[in-house]
Amino acid sequence: MYHDLDGDLIRAWHILNELAEQNALNHKMASTLASQAHSLKSDAKTLAGTCSLRRVNIDISKETFESELERQNAHIIIENHSLLQENKQLSALLEEYEQTMDTVMTKFRAHTVRHSRFASPSLANGRREVRRPTT
């Protein structure tokens, strides 16, 4: 029937410490979540300003919305066409470059083979003598 007062105080102290730690952790998480929410709000405002047709425009008429949508579609089609043309030109230029490099490397290999046939090491004087091809 004796009550352990010291044990109760120690348990209460430990529980209080755990609650204080949990409260500090919750406060830290709440501030992190608040900063993330603020960041998301600013990102949403930025995206809303750059792409207005991704949201439902209820403040303008349907005809205005559709005409703006058609105008942007036409602009995108024109831009897409010009990018396709540029892509074709760059592909042709790349193919021409590859052919040129192939020709240069073929001539370089032929020159190297031709030059290596006429080079012979001379062990008599310790130097390498190079015989030039006669033309």
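The values are calculated or read from the model by the stated rules, or taken from the named source; none is laboratory data. Computed from a prediction, not measured in an experiment: that's the story for all the values here. Remember, those area values only see protein heavy atoms, side chains included, never the ligands or the DNA or RNA. Shrake-Rupley method; radii C 1.70, N 1.55, O 1.52, S 1.80 Å.
Assuming 0.36 nm per residue, please report the length gained on full extension of the stretch M29 to R117 beyond their Cα-Cα distance. Don't skip to the answer; put the middle values down first.
Values: separation 88, 0.36 × 88 = 31.68 nm, distance 7.66 nm.
Extra length from M29 to R117 when fully extended: 24.0 nm.
Residue by residue, the range 83-93 carries 3J(HN,Hα) couplings of 5, 5, 4, 4, 4, 4, 5, 5, 5, 5, 5 Hz when phi is fed to the Karplus relation 6.51 cos²θ - 1.76 cosθ + 1.60 (θ = phi - 60°); x denotes Gly or Pro. For the residues E86, E21, a 1.4 Å probe over the protein chains yields an accessible-area ranking, largest first, of E21, E86. Compared with the alpha-carbon gap, the fully stretched path from A20 to I60 is longer by 9.1 nm at 0.36 nm per residue.
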